[in-house]
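Here's the structure, in structure tokens; my notes come after.
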Amino acid sequence: MREAFGAVFDVEPGYLNTASIGVPPRHVADAVMASHERWRRGQDTSSMFNEVVETSRAAFGQLIGVPATSVACGATVSQFGSLVAQALPAGSKVFVDPGDFTSVTLPFVAAGHRIVSTVDECDLAAVSVVQSADGRIADLDALRASGKPVLLDVSQAAGWMPLSLAWADFVVGVAYKWLMAPRGAAWMAVRPDRMEFLKPLAANWYSTGENYGTDLVLRSDARRFDLSPTWVSHVGAAVSLPWVASLDLEAVRAHCVGLTDRLLTGLGLPPTGSAIVSIGGSPVQGVVSSVRAGRTRYACHLYNTIEDVDRVLEALD
């Protein structure tokens, strides 16, 4: 058991793998377990989940600096990326980082768009704010100054990095990493002037409010792009995301980056300012990490401690 930022965690020592799966605080896990108990007893109806969906929607918006009316709920980043990819004119030029996660890159490849190597020549830039493989942080100021339309993936940033992204055309992110909620919930913020650009390719009862019939009457805000929500995922997200949004995220960033800086400097490497680092060599026994792009990836979140990092340093000494 650990206490961090006012919450209790049951995470085991040496867990440095939040970039793959975030570990929930106890009060989030308890809410999910209570939901499973209600399900087991047949005590739920579909309408009972509306409040948690709206709570998580609003909290995601708060974390990136946009109103709830600009946020659609779904299941994955690739689903939302595909919505943007299919809306672009055929053969559009899209800038992606060649090392970016495929949920960001492949929707545009599958749509037949031309992948280009610079932002200057693109019709849209699709970029992770923090790279999954090695923790590199995108130059958001340069992206904004370029004037190009952008899709930003905050899956490896939201939860440890303060964000203010109302300027971006589209912002996507998932629940189960740094936001420490169950897998199955994702969100996309759509800037209001870009709402009509997208087509509701997966129109459904939740995006219209109509259970039956063939009349397509879309909701007036970003909810027109909703998927029918994965209920239990939003139960956890409705507890976790508002809690994360209430924290001093500058303090969270300082804590996370302080730990990764300790790891890097202990290995004689320069600090990167990211909560994710990538190091050559095999994974360390007794530490939970991931191998990405042929290197071992370590990720430090708010529940991690100096002792977790020192396990790695002692093993590599």
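The values are calculated or read from the model by the stated rules, or taken from the named source; none is laboratory data. Just so you know, these numbers come straight off a predicted model, no measurement behind them. Don't worry about glycine lacking a Cβ; one is built from the backbone with ideal geometry, like all the others, and counts go over all protein chains shown. The area values use the complete protein model at the heavy-atom level, side chains included, leaving out ligands, DNA and RNA. Shrake-Rupley method; radii C 1.70, N 1.55, O 1.52, S 1.80 Å.
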Picked from segment 107-133 (must be open to solvent by less than 20 Å² (accessible area, probe 1.4 Å) and more than 15 Å from the chain's Cα centre (by Cα)), the residue nearest to residue 260 (Cα to Cα) is 125
How many residues, within segment 279-295, are farther than 14 Å from residue 306 by Cβ and open to solvent by less than 20 Å² (accessible area, probe 1.4 Å)?
3
Count - residues of segment 57-76 that are more than 13 Å from residue 226 (Cα to Cα) and either assigned to a helix (DSSP H, G or I) or of a type outside the set (Gly, Ala, Ser) (or both):
9
For residue 136, indicate whether it is in contact (Cβ under 8 Å) with a residue 60 or more places away in the chain, open to solvent by 10 Å² or more (accessible area, probe 1.4 Å) and touching an Asp or Glu at 6+ places or on another chain (Cβ under 7 Å).
no
Of everything in segment 184-204, what is closer than 19 Å to residue 65 by Cβ and open to solvent by 30 Å² or more (accessible area, probe 1.4 Å)? Give them in sequence order.
191, 192, 193, 194
Of all the residues that make up segment 260-285, how many are at pLDDT below 95 and on the phi > 0 side of the Ramachandran plot?
1
Just to be sure I understand, how many residues within segment 86-106 are open to solvent by less than 40 Å² (accessible area, probe 1.4 Å), touching a strand residue (DSSP E or B) at 6+ places or on another chain (Cβ under 8 Å), not polar (S, T, N, Q) and not in a strand (DSSP E or B)?
4
For segment 146-177, enumerate the residues that are of a type in the set (Gly, Ala, Ser) and crowded, with 24+ Cβ neighbours inside 10 Å.
155, 157, 158, 159, 168, 173, 175
Considering only segment 226-241, I want to know if a residue exists there that is open to solvent by less than 40 Å² (accessible area, probe 1.4 Å), touching a Gly at 6+ places or on another chain (Cβ under 8 Å), at positive phi and in contact (Cβ under 8 Å) with a residue 24 or more places away in the chain.
no
Condition set among the aromatic types (Phe, Trp, Tyr) and open to solvent by less than 40 Å² (accessible area, probe 1.4 Å), scope segment 32-79, selection farthest from residue 195 (Cα to Cα): answer is 49
How do the pairs read when you match residues in segment 43-61 that are under 11 Å from residue 239 (Cα atoms) with residues anywhere that are among the β-branched types (Val, Ile, Thr) and crowded, with 18+ Cβ neighbours inside 10 Å, using Cβ under 8 Å and keeping only pairs 6 or more apart or on different chains?
52/235; 59/244
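For segment 105-129, which residues satisfy the criterion of being under 14 Å from residue 156 (Cα atoms) and either in contact with a Ser or Thr (Cβ under 6 Å, 6 or more places away or on another chain) or hydroxyl-bearing (Ser, Thr, Tyr) (or both)?
To start, the set of residues in segment 105-129 that are under 14 Å from residue 156 (Cα atoms) comprises 127-129.
Residue satisfying the conditions is 128 alone.
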Tell me yes or no: at least one residue of segment 243-266 is open to solvent by 10 Å² or more (accessible area, probe 1.4 Å), in contact (Cβ under 8 Å) with a residue 12 or more places away in the chain and farther than 23 Å from residue 305 by Cβ.
yes
